[in-house]
Amino acid sequence: MDEQTKTELEAAVFRRLVEHLRGRTDVQNIDMMNLAGFCRNCLSNWYQDAAEDKGLGLEKADAREIVYGMPYDEWKTKYQSVATAEQKAAFEKNKPEH
């Protein structure tokens, strides 16, 4: 597979992942962190890092809006619930180092 095709496939997979996460507003970021070691915020941070690697300035809020499909504060108001003590404890035990 040539590099251009590989890049196009990777981009398509990323777009599909983001669309999937936008549709799964029931899945909380802390649960994603506890189970998979990354969440929507991680994706937006990685997006921002990739933009910076290309010499492009991208604000954190703009990167989050790309991933969330709306401003982050709006998403939090609509969909984020308060983390339980169990969720917080699991996060502290397993939080990733990235």
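Computed from the coordinates by the stated procedures, all read-outs in this text should not be read as laboratory data. No experiment lies behind these values; they were computed from the predicted model shown. Cβ placement follows ideal geometry from the backbone for every residue including glycine, while neighbour counts extend to all protein chains displayed.
For the chain, the convex hull spanned by the alpha carbon atoms encloses 117 Å³ per residue. Taking a straight Cα-Cα cut-off under 19 Å and skipping sequence neighbours fewer than 8 places away in the same chain, the lysines within cross-link reach of Lys60 are Lys76.
The aspartates and glutamates whose alpha-carbon is closer than 18 Å to the alpha-carbon of Lys93, local same-chain residues fewer than 8 away aside, are Asp31. Mean separation of Cα pairs under 8 Å and 6 or more residues apart, divided by the residue count, gives segment 3-94 a relative contact order of 31 percent. Think of each Lys and Arg Cβ as +1 and each Asp and Glu Cβ as -1; about the Cα centre, that makes the dipole of the chain roughly 380 debye. Peptide packing: for 1-12, 16-27, the average count of neighbouring Cβ atoms within 10 Å per residue gives the ranking 16-27, 1-12, highest mean first.
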